[in-house]
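Structure record follows, encoded as structure tokens.
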Amino acid sequence: MLVSEIYSILDKIAPFELQDDWDNSGLLLGNLDDEFDKIYLSIDANLSLAKKVEPNSLVITHHPLIFNPLKSLDPKTFPANIIYELIKKDVKLISMHLNFDKAVFNNYLVQEHLGYKITKSKDYEVYFEPNKSFDEFAKELQEKFSQPCIRVAKTTDFVKTAVFCSGAGGSLLKELDSDADCFITGDIKHSQGIEARDLGISLVEIGHYESESFFSTILQKKLEDKGINAIIADIDNPFNYIKG
């Protein structure tokens, strides 16, 4: 199969033009006219994955391996060590980051994973109505995302309207509609917790990896529907929880 063929299919699933200017989704290693034998899916690329995949394969990740400008390719540094390994094995690399968030991820997580009806959505923000106490809703999120614990900033006792954004969505606080009672995302900064309190919005931080760990499963199903087989090769979460 040609890279251009799979790229066209991926572009229909989540158009690459949806990404923001600062993102780096798309074809990162290889050429559109290259051929490949197998497809591997992972939330991220690391050295272990690069060593595991077979030569002349295509890897599709959520997070772009090449994000900031590279000034050198020293194989003793990150991410050059991974790039070196992939190039040696003639492995192609495509990333679907913000385009996937907008077109697929957040809608899927609210509708399919959490089981709520979406009331409205805009860019990365998906609105829905839990109509539950904050404590009950936070516990539900903890269980749904299989977390031993979650960080919360409780500002409201009741959550009528919640907003979901996978990944690190704390910067969106100022953009939320006035009816938002609770914002759920993967990463939240300390200053954003203070900001949310002043805005009267409760926060639930479910973990960056946990909020996006469904990427490979979702994409594998969408490719299978088009008769394309893909292998899930997710890397492990780099963070763990220590229980006292």
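Quick look at the values:
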{"item": "Looking only at region 95-134, and only at residues there that are assigned to a loop (DSSP other than H, G, I, E, B) and of a type in the set (A, V, I, L, M, F, W, C), the one that is farthest from Ala45 (Cα to Cα)", "result": "Leu114"}
{"item": "Failed condition for Glu140, given (1) assigned to a loop (DSSP other than H, G, I, E, B); (2) under 23 Å from Thr185 (Cα atoms)", "result": "(1)"}
{"item": "Search result, residues across region 37-56 that are crowded, with 20+ Cβ neighbours inside 10 Å and under 14 Å from Ile87 (Cα atoms)", "result": "Ala45, Leu49, Ala50, Val53"}
{"item": "Selection from region 35-49 of residues that are under 10 Å from Met1 (Cβ atoms) and not basic (Lys, Arg)", "result": "Glu35, Phe36, Asp37, Ile39"}
{"item": "Total residues in region 194-244, condition in a helix (DSSP H, G or I) and under 21 Å from Thr161 (Cα atoms)", "result": "7"}
{"item": "Criterion: of a type outside the set (D, E, K, R), surrounded by 14 or more Cβ atoms within 10 Å (Cβ to Cβ) and closer than 20 Å to Val104 by Cβ - qualifying residue of Ile201, Ile231, Ile188, Ile150", "result": "Ile231"}
{"item": "Residue selected from region 206-218 under the condition within 16 Å of Ala45 (Cα to Cα) and in contact with a helix residue (DSSP H, G or I) (Cβ under 8 Å, 6 or more places away or on another chain), by the criterion surrounded by the most Cβ atoms within 10 Å (Cβ to Cβ)", "result": "Phe215"}
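Bear in mind these aren't lab numbers, they're just calculated from the coordinates by the rules spelled out. Everything quoted here is computed from the prediction, not taken from an experiment. Neighbour counts run over all protein chains shown; Cβ positions are idealised from the backbone, glycine included.
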